[in-house]
Amino acid sequence: MKFLIVFDHPYGASSSENTPHHRSYSAALLAAVMRGLSTKGHTSDLIDLHADGFNQVTSAEELAAWRQQKTKDPLVASYQERLIAADHIVFIFPIWWESMPALTKGFLDKVFVKGTIYDEPKPGRPFVHMLPNNKGVSLLTVMSTPDFIYRWVFGNPITKMLFRGTFRKMGIHKLRWYNYTGMSRRSLEQRMLYLTKTEQRFARL
């Protein structure tokens, strides 16, 4: 299968090693996911939003184009083509202020254009996605908030936005969320164990 990975961290995909002041557990997860997928013979197409220089801000001109079911940004058009071609989409990012980073939110705002990624057959009725090969979406998040507090006190904000408010709304229901909490407080051995489990999980897909 062809996996499209949308990665969002300021340090970029190259920060997977344990280098002080330039290390990202999100990037380490990305490397583990890609190793697992390659073991099974899957293809990984990586979108590194920071490395691409993606501009998450929607201008007035871009909004006017979006309302006409068009895209002004060539990078956005490339992202759309890659989404349509993918069999499975993977999002990897840290949770900041209980939500996704700005570039991921901008990715949803600018790339998910009606008439290209989804459609609305009748006003007020459920959307339908236009991703013919899609077999599911996986989400990997890293946060400092304890898991039970995020889920039961805060009410799972990220799954409400990305799963219920985006993909389920478009008719995609095979959605999986893997949450990694308090990694900065864990030992190196514990962090490595989670990476190994992640690699094995994606090797089984």
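Can you tell me which residue is least open to solvent (accessible area, probe 1.4 Å) among those in the stretch 72-87 that are more than 25 Å from Gly136 (Cβ to Cβ) and part of a loop (DSSP other than H, G, I, E, B)?
Only one residue tops the list, namely Asp73.
Would it be correct to say that Gly171 is under 14 Å from the mean Cα position of the chain (by Cα) and on the phi > 0 side of the Ramachandran plot?
No.
Pull up the stretch 12-27, narrow it to residues that are in a helix (DSSP H, G or I) and touching a helix residue (DSSP H, G or I) at 6+ places or on another chain (Cβ under 8 Å), then point me to the one that is surrounded by the fewest Cβ atoms within 10 Å (Cβ to Cβ).
Ser14
Note down all Cβ pairs under 9 Å where the first residue falls in the stretch 98-119 and is basic (Lys, Arg), the second is assigned to a helix (DSSP H, G or I) and open to solvent by less than 20 Å² (accessible area, probe 1.4 Å), and they're at least six residues apart or on different chains.
Between residues of the stretch 98-119 that are basic (Lys, Arg) and residues that are assigned to a helix (DSSP H, G or I) and open to solvent by less than 20 Å² (accessible area, probe 1.4 Å), the close pairs are Lys110/Val76; Lys110/Tyr79.
Only one of these conditions is not met by Trp66: (1) more than 19 Å from the chain's Cα centre (by Cα); (2) assigned to a helix (DSSP H, G or I); (3) surrounded by fewer than 16 Cβ atoms within 10 Å (Cβ to Cβ). Which number is it?
Exception for Trp66: condition (3).
If His9 satisfies all but one of (1) in contact with a helix residue (DSSP H, G or I) (Cβ under 7 Å, 6 or more places away or on another chain); (2) at pLDDT below 95, what's the number of the condition it fails?
(2)
The values are calculated or read from the model by the stated rules, or taken from the named source; none is laboratory data. On a predicted model such as this, the values are computed, not experimentally measured, just so you know. Quick reminder, even Gly has a Cβ in these numbers, built from the backbone with ideal geometry, and neighbours come from all protein chains shown. Side chains are part of the model used for accessible areas, which takes the heavy atoms of the whole protein and leaves out ligands, DNA and RNA. Shrake-Rupley method; radii C 1.70, N 1.55, O 1.52, S 1.80 Å.
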